[in-house]
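To keep things clear, I will list the structure first and then write my remarks on it.
The values are calculated or read from the model by the stated rules, or taken from the named source; none is laboratory data. Source: prediction; values computed, not measured. Cβ placement follows ideal geometry from the backbone for every residue including glycine, while neighbour counts extend to all protein chains displayed.
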Amino acid sequence: MDRLVTTSRETDVSVGRLAARVVIGGLFIGHGTQKLFGWFGGPGRAGTEGMMDSLQMRPAKVHAYAAGVTETVGGGLLVAGLATPAAAAMLTGVMTTAIKKVHLANGPWAANGGWEYNAVLIASLVALTETGPGDLSLDHALGTERTGPAPALGALAAGVGAAALAMWAGGRGATPPVVASDDTAAAAAHGDTAGDPTTKGASASS
């Protein structure tokens, strides 16, 4: 009886982790494809390039493509529960960049354009990495599931480090700023949108 109860609890936890992976990873896929292809009302490559330029992430074309691919691939890996620490690192990097470049000056609260949503996503990614993606994942099926604080902290450090490197490189980009006809993209980047800014405002300016 005790073994049956334990198995039931493990299944419940695995289902919970699957739900978290599908929701979080699916939303990242949505954001990534908004940037790459303009799906779901997104700005597409051109709009995202304008946003990256306004955030001084240059060359804007490279950073726009990198952001879209990172969110799409990272989100897909998270949904599948495959290479979970790598997926967490990729998505943590995107969210760290969003915090620093867009939301930090606005304080923590999302209602004021702050960074709380990004921080919740990063914390969720760390938790999923520490506990592992669960039985209902490719990592578990392939025997590659890694759990514990070491991979969780490693993914966090890798994501933050990659974001810092990308922002440093972006600030040194040789491409000069593009003078737009209006400030729509720049205003959206520093406005009251929680989470990922490049899917609002950039589409309006493209």
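Do you know which residues across the range 64-98 are of a type outside the set (A, V, I, L, M, F, W, C) and over 24 Å from V120 (Cβ atoms)?
Correct list: Y65 only.
Among the residues of the range 52-93, count how many are over 15 Å from T33 (Cβ atoms) and either outside any helix (DSSP H, G or I) or among the small types (G, A, S) (or both).
16
What residue, among those in the range 37-51 that are of a type in the set (G, A, S) and in a helix (DSSP H, G or I), is farthest from V160 (Cα to Cα)?
Among those residues, the one meeting the criterion is G41.
On the basis of being within 14 Å of M90 (Cα to Cα), touching a Phe, Trp or Tyr at 6+ places or on another chain (Cβ under 6 Å), surrounded by 24 or more Cβ atoms within 10 Å (Cβ to Cβ) and modelled with pLDDT of 95 or more, does G75 make the cut?
yes
Check every one of the helices (runs of 4 or more DSSP H) wholly within the range 94-189 and list those with 3 or more residues that are modelled with pLDDT of 95 or more, among the hydrophobic types (A, V, I, L, M, F, W, C) and buried (at least 20 other Cβ atoms within 10 Å of the Cβ).
Fully inside the range 94-189 and qualifying: 116-131, 149-171.
Please indicate, with yes or no, whether at least one residue in the range 63-82 is touching a Gly at 6+ places or on another chain (Cβ under 7 Å), closer than 30 Å to P151 by Cβ and of a type in the set (D, E, K, R).
Yes: the range 63-82 contains one or more residues that are touching a Gly at 6+ places or on another chain (Cβ under 7 Å), closer than 30 Å to P151 by Cβ and of a type in the set (D, E, K, R).
Is there any pair with a first residue in the range 27-42 that is closer than 19 Å to N118 by Cβ and a second that is acidic (D, E) and crowded, with 20+ Cβ neighbours inside 10 Å whose Cβ atoms are under 8 Å apart and which are 6 or more apart or on different chains, and what are they?
So the pair list comes out as F28/E71; I29/E71; H31/E71; H31/D196; G32/E71; K35/E71.
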